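These notes concern the structure reproduced below.
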Amino acid sequence: MYRVWNFITTYSVLLISGALIALIWANIDAHSYHHFVEYPILFNDLIGLDLSYWQKAYGSDAAHFDTGGAAKVLTFHYLINDILMALFFAIAGKEVWEAVALKNGSLRGKKAATPLVATAGGMFGPIAVYLGLAAFLGSDVYDAVSRGWAIPTATDIAFSYLVGRIVFGAGHPAVRFLLLLAIADDAAGLIILAIFYPSGDLAVEWLGLSVAASAAAFIFFNWLPRRMDRGKQERPASTWVRQKLSFWPYALAGAISWFGFAQSGIHPALGLLPVVPAIPHADRAFGIFAEAEKYLHDLLNEMEHALQWPVEIVLFFFGLLNAGVTFNAIGEATWLVLAGLIIGKPVGILLFGWIAASVLRLGLPQGMRIIDLVVVGFIAAIGFTVSLFVASVAFDPGPTQDAAKMGALFSFSAVFLSLWAGKLFRVEKQNA
């Protein structure tokens, strides 16, 4: 139990605290909260929101700022959501890349087949429920909310992992199954964000800049030193690069890649993903949040753990700047997001998981039952962080976005449904 509580204190408290402060602030003084979120940090011509868009969103008080003829404005919200959240998605991308690319990656081979099929159910189920109910409510509602179809597909990997350990116990095979599902869900979510929620018109040439920066970092600071060290046990070239240059070449490549994404029309929060595979990495991984990874001294793992506290602070501000919705914002989008998560997720994961395990005979991990898929589905219905993020990019600021965000916040109810389902289906906890 100590390790579970330690995980809560190192990840969850800051994020939840930011969200709670935002909820209270927005419901006490929505005007000051809105101006805090959209406060202009820097007027410039390179990064940020288009000035005209910001002026409309900020309201009449925008006239009080001297823009200096700039075309763009870097707001507090843009700094967190579009720039610093790239660190969060880079860590998520690192786990996905390890799972797919490494020789013993958790998403490779037959062991990953059933979780991957169940992940598909965890995506299609929420989409079907969300859009189906929206269509049932009428064309006006459907037209207003249909763009938010991806919001309930998200699974908050950290909170789900935490609740899974509480419900099943750290040693239960369902926890590993849930982790594989959540990682695959993250991978699908990153693809959805890139394809279906662009930040502007696609400009392929700017993506070329991102790819070129990542490729150059890999060739000159990873592949070439290792090639020069062939047959040399001391590995002088690799050692020199590591000791003298450290992470800086990859930080520079990351900045260039982020700028390329920002100009390309793909959401810039994904801008660090191309650089992740370029960073030197040992051919082994122990899984997300594994204590053993702290003792791996390859550069990628060292960078990930060095970013732990900065990312947690970023997540505090993410909660603070995105969860501030008034309770009167509850609307159709709230219930559609919530229904997609707490109905679509468990049903989709159960159905597709059963097809994979029984019909396709791919099986389940030893010690895991088919009925455990229902409990896994409820746990995976905790959307929170990623659902909030998708809601912020799916809709323009306004009532529909606020209603969708409220649905993402209400997904915390899945915690209680998970505990109830665990009791109902007599889950036998297995501690490590």
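Values in this text are rule-based calculations from the coordinates and carry no lab data. Every value quoted in this text rests on a predicted model; they were computed, and no experiment measured them. When we count neighbours, we look across all protein chains shown, and the Cβ atoms used for this are built from the backbone with ideal geometry, even at glycine.
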For this session: Find how much the distance from Ser32 to Phe425 grows on full extension, using 0.36 nm per residue of separation minus their present alpha carbon separation; answer in nm with one decimal.
Result: 136.8 nm
Seminar exercise, completed: Checking the range 212-258 for trypsin sites (Lys or Arg not before Pro) in a loop per DSSP with at most 13 other beta-carbon atoms within 10 Å yields Arg230, Lys232
Exercise. Along the charge dipole of the chain, Cβ charges K/R +1 and D/E -1, which of Ile192, Trp335, Leu362 sits furthest on the positive end?
Worked result: Leu362
Problem set entry | lysines with Cα under 30 Å of Lys244, excluding same-chain neighbours fewer than 8 positions away | Lys94, Lys103, Lys232, Lys294
Seminar exercise, completed: Expected sort for Ser32, Ser214, Ser60 with the fewest Cβ neighbours (10 Å cutoff) up front is Ser60, Ser32, Ser214
For this session: Compute the distance in nm between two label points, each set 7 Å from the Cα along the Cα-to-Cβ direction, one at Val13 and one at Asp140.
Result: 4.8 nm
Problem set entry | Reachable lysines from Lys56, criterion Cα separation under 18 angstrom, eight or more residues apart if same chain | Lys72
Problem set entry | Sorted by Cβ neighbour density within 10 Å, fewest at the top, the residues Thr119, Thr385, Thr155 | Thr385, Thr119, Thr155
Exercise. In what sequence do Lys103, Lys429, Lys405, Lys94 fall when counting other Cβ within 10 Å, fewest first?
Worked result: Lys103, Lys429, Lys94, Lys405
